[in-house]
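Worksheet: one structure, shown below.
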Amino acid sequence: MFSENPKSKKQRTEECIINSLPSDLIEQIFLGLPVSTLLRCIGVCKIWYNFIRDPQFVTAQLQHAPRCALLFFPQESVERKLYPSDAIIFDEAWSQSTRAVPVIGPDDFLCGSCNGLLCLYTKTSTIKIANFATGECLHLDKPIKNLKGDHFSFYSFGFHPVTKEYKVTHFIGEDQNYSRGTFNAIQVYTLGSENWKDVATPEALNLFSMRNSGVVNVDGAMCWLTEDIGASWKHSVISFDLSKETFTRIQLPAVALGGSGCRRYWITEIDRKVCVATAQVYRHLPRMLAGELRIWTLDNKVEQRWSQKCIIQHAPNYIPGPHFVHRDKIMMHSRDCNLYSYELFGKNYEIKLSSRAKLLDFSPHKPQNMQSYICVKSLVRLDAYKKVGLVRRPKRWEGWELKKWEVWERELRNLEDLCSTIHQLEQDMSELAHLMATKINQVLHWLPDETRHVGMKIIQMLQCAPDGPDQPTSSRRLNWVEHKQVMEKLRIRVDNLRYKIEATTQAKEKIFSVLDSYIPDQGGSSSNAENSPQ
């Protein structure tokens, strides 16, 4: 007679119990899970698949997802060594990621981050939109191929919360080679449409002030700084509505303009509001702060009303743009390539040097090239746009097949092989040390009393030798910061291995010394016995 498997019956019973719960309770349970777990839950059953893939749940998950800090470092050559593009993500506890973001190719440049999607400028003829949590990538044709003077900072990426549309913007120069430093139109692409379209600006706008300060997407509008042509230090904010595709000029408060010496301006987002930071800089080092940092918040766009959010005294050398404030901390970095976070105190925020926490050493990358963005891990899908672009989840990293990255790939493979070799040596030495300690302990009671303490010291010395750590994971998917830390750990492990070899060698010498001192006595006793009278 056929009998049903009790385990499978229990599983089905539990599944029925979970699915019989109210939908709002199931939603709260799922909202408490990380995206990586939700992606695994999709394959459990059809009910869970439909629930997690539902657009309303995707929107709810976005609202509950923690906002993290993403630091992007574009590929660059330092001391004739080529480093690929890479990113570091800090979670809510300011713990840094150790794995490289697989959707970022070695030659990619980050243009924007929105709702878990990254907009990446490639050196080919495409713009790549990628969900770094799911691995999906959408490749779009650039508006103009092989455009002379084109730059990744001329592209941006945003989302309108009402229309639910994602849009890529491209700032195009007046004569299409950016020689005059102005632009009269923006090229706009809406995800899901077939073509880019031109939107004329109401006036010629400064291209390079936009490039230097960056672009932020706040409440469905792209915002950037511009400098009036022919005027000195007369900056203002340009807002481009992603729904109406219209421009608005927002004047900065008079008190924020001008001042003695060289002054620089940055646009940023703090608490989902447009903010402008300004500080004096050194004339010959235009990115290095020379005085206090003042931050102004746009309280009302229609009335163009600003308020001073904070004044930060004793500001360190540099701030990474465009997003350098996360929750109650501000990120700044010094000329020695160290990134720090400072807690902000009071209404007019100040930073206390005692609250400084070192986040990472990003050498050998250059401080001027680092970008900071807000990111979340989301379930936003890109396959809805597959009719207008190529969507895929890459099985391996893109762009690494280029010949110029062969040296880097070879270095990663050598590091992986070195980790495995050192690990095997550590295991062999540990086994040998424990075997020697065990054998000595077995014959310890046979040794004379005057040499027994030597054997005990040998056992103690062998047991104190450090054991080898667990087998390291593959280093191929490590980001470059973790790559450096792995190298430091390897140096420590080599030192420990050297100590274990020295300890084992000393133990061997002591064993031989004990045996040498014991065997001659035995031989002498035998000789005397032979020569003794019968």
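At-a-glance table
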| read-out | value |
| --- | --- |
| Note, ³J(HN,Hα) from phi for the stretch 400-407, Karplus 6.51, -1.76, 1.60, rounded to Hz, x at Gly and Pro | 7, 6, 5, 4, 5, 9, 5, 5 |
| The stretch 11-138 - convex hull of alpha carbons, volume per residue in Å³ | 134 |
| Percent carbon-and-sulfur accessible area, the stretch 113-216, ignoring ligands, DNA and RNA, probe 1.4 Å | 45 |
| Cα gyration tensor of the stretch 75-170 - equivalent ellipsoid semi-axes, whole Å, descending | 22, 21, 11 |
| Surrounding net charge for Y340, when Lys and Arg each add one and Asp and Glu each subtract one, Cβ distance under 9 Å | +2 |
| Sequence-separation-based contact order of the stretch 18-91, relative, with Cα cut under 8 Å and 6+ spacing, percent | 20 |
| For the stretch 110-152, convex hull of alpha carbons as volume per residue, Å³ | 65 |
| The stretch 11-88: GluC sites (Glu not before Pro) in DSSP coil with no more than 14 other Cβ atoms inside 10 Å | E79 |
| Gyration tensor (Cα) of the stretch 56-97, equivalent ellipsoid semi-axes in angstrom | 32, 12, 5 |
| Accessible area of the stretch 97-170 divided out per residue, in Å², using a probe of 1.4 angstrom | 30 |
| log10 of Debye I(q)/I(0), alpha-carbon scatterers only, for the stretch 273-312 at 0.25, 0.28, 0.30 Å⁻¹ | -0.77, -0.86, -0.92 |
| ³J(HN,Hα) computed for each position of the stretch 368-378 - Karplus, 6.51 cos²θ - 1.76 cosθ + 1.60, integer Hz, glycine/proline x | 5, 9, 6, 10, 10, 10, 8, 9, 9, 9, 10 |
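The values are calculated or read from the model by the stated rules, or taken from the named source; none is laboratory data. Being a predicted model, the structure only gives us computed values, none of them experimental. Ideal geometry is used to build each Cβ from the backbone, glycine not excepted, and the neighbour counts take in all protein chains shown. Just the protein is used for accessible areas: all its heavy atoms, side chains included, with ligands, DNA and RNA removed. Shrake-Rupley method; radii C 1.70, N 1.55, O 1.52, S 1.80 Å.
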